[in-house]
Amino acid sequence: MSPPGKNTEQARVVVLEEHPLLRHGIVDFLNSQPDLFVCGEADDIRGARDKIAKCEPHLLLTALRLGAGDTLEFVKALKAEQPALLVLVYSAFEETIFAERALRSGAEGYVMKRAPKEELLAALREIVSGNIYVSRDIAMRAFKKSLESSGGPRAAGPLSGIERLSDREIHIFQLLGTGLRNRQIANSLSLSVKTVESHRENIKHKLGLSSSRDLVERAIKYVEETFFPATKAIGVRSKKKVVRFPAA
């Protein structure tokens, strides 16, 4: 699997990232390390599957996407098929919400895109060594949560806000925030419109919203603040900012 002159002890990695410049930078950086070798790269889920089948990597490094090509669902399916394959998710999505979801999906680690490159290396090496990796902040939150949950009823309390949504609900919530309507969401996720409507009602209830308009406005605000906190809108529709997630 390794090219001539490469150390056979190197961990083989497949990189899944849709943006070419970012992907090539990651590949070059990892290949400059003595213990890592990128055996394949892809810009979508189908391509990643092909590369995984061809080069049999030890680890998949994947960006987190919640568009029609849902990375969390991909990781779940992949780990069911290949439980020995290690997965590290990196993302700009809020780690207090998505790190735990990524690990529940089967990933061994989660790193923020804004983290220094040394942290990416540390995460990869921890995972290859048989450990899991999250930031110190997330680890401390989890530790505190475990202490509170063991402290009896006084520590218990309902989750608030976005954290209360299921993986499917937060996926639909994000798509609503990009400007998609029920039928478009249903088509992209292979669901019925009725199912999407049911999820919308559950989301409204969990977020304490009284109307569909409030739900859409909350979703748009969340997408704007999460993905483009200091930028202008990419597109405009009915005087609302619209952000499109590319399909896988």
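Here are the numbers for this structure:
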{"item": "Enumeration of residues in segment 172-196 that are loosely packed, with under 15 Cβ neighbours inside 10 Å and either among the acidic types (D, E) or not in a helix (DSSP H, G or I) (or both)", "result": "R181, S190, S192"}
{"item": "Among the residues listed as A80, A102, A92, A84, the single one being among the aliphatic types (A, V, I, L, M), surrounded by fewer than 22 Cβ atoms within 10 Å (Cβ to Cβ) and closer than 20 Å to F173 by Cβ", "result": "A92"}
{"item": "Filter pass, V75 being at pLDDT 90 or above, under 27 Å from R181 (Cα atoms) and open to solvent by less than 30 Å² (accessible area, probe 1.4 Å)", "result": "yes"}
{"item": "Residues being surrounded by fewer than 16 Cβ atoms within 10 Å (Cβ to Cβ) and in a helix (DSSP H, G or I) - total across segment 203-225", "result": "7"}
{"item": "Checklist (1) in contact (Cβ under 8 Å) with a residue 60 or more places away in the chain; (2) in a helix (DSSP H, G or I); (3) more than 30 Å from N187 (Cβ to Cβ) applied to V13, failing item", "result": "(2)"}
{"item": "Flag for E18 being more than 23 Å from the chain's Cα centre (by Cα), at pLDDT below 95 and open to solvent by 40 Å² or more (accessible area, probe 1.4 Å)", "result": "no"}
{"item": "Segment 21-37, residues that are open to solvent by 30 Å² or more (accessible area, probe 1.4 Å) and under 17 Å from the mean Cα position of the chain (by Cα)", "result": "L22"}
{"item": "Residue among E73, E56 that alone is within 24 Å of I132 (Cβ to Cβ) and either over 14 Å from the mean Cα position of the chain (by Cα) or polar (S, T, N, Q) (or both)", "result": "E56"}
{"item": "Within segment 116-155, considering residues that are at pLDDT 80 or above and of a type in the set (S, T, Y), the one farthest from I26 (Cα to Cα)", "result": "S129"}
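The values are calculated or read from the model by the stated rules, or taken from the named source; none is laboratory data. If you're wondering where the values come from, they're calculated on a predicted model, not measured in any experiment. Neighbour counts run over all protein chains shown; Cβ positions are idealised from the backbone, glycine included. Please note that ligands, DNA and RNA were not included when accessible areas were found on the heavy atoms of the full protein model with its side chains. Shrake-Rupley method; radii C 1.70, N 1.55, O 1.52, S 1.80 Å.
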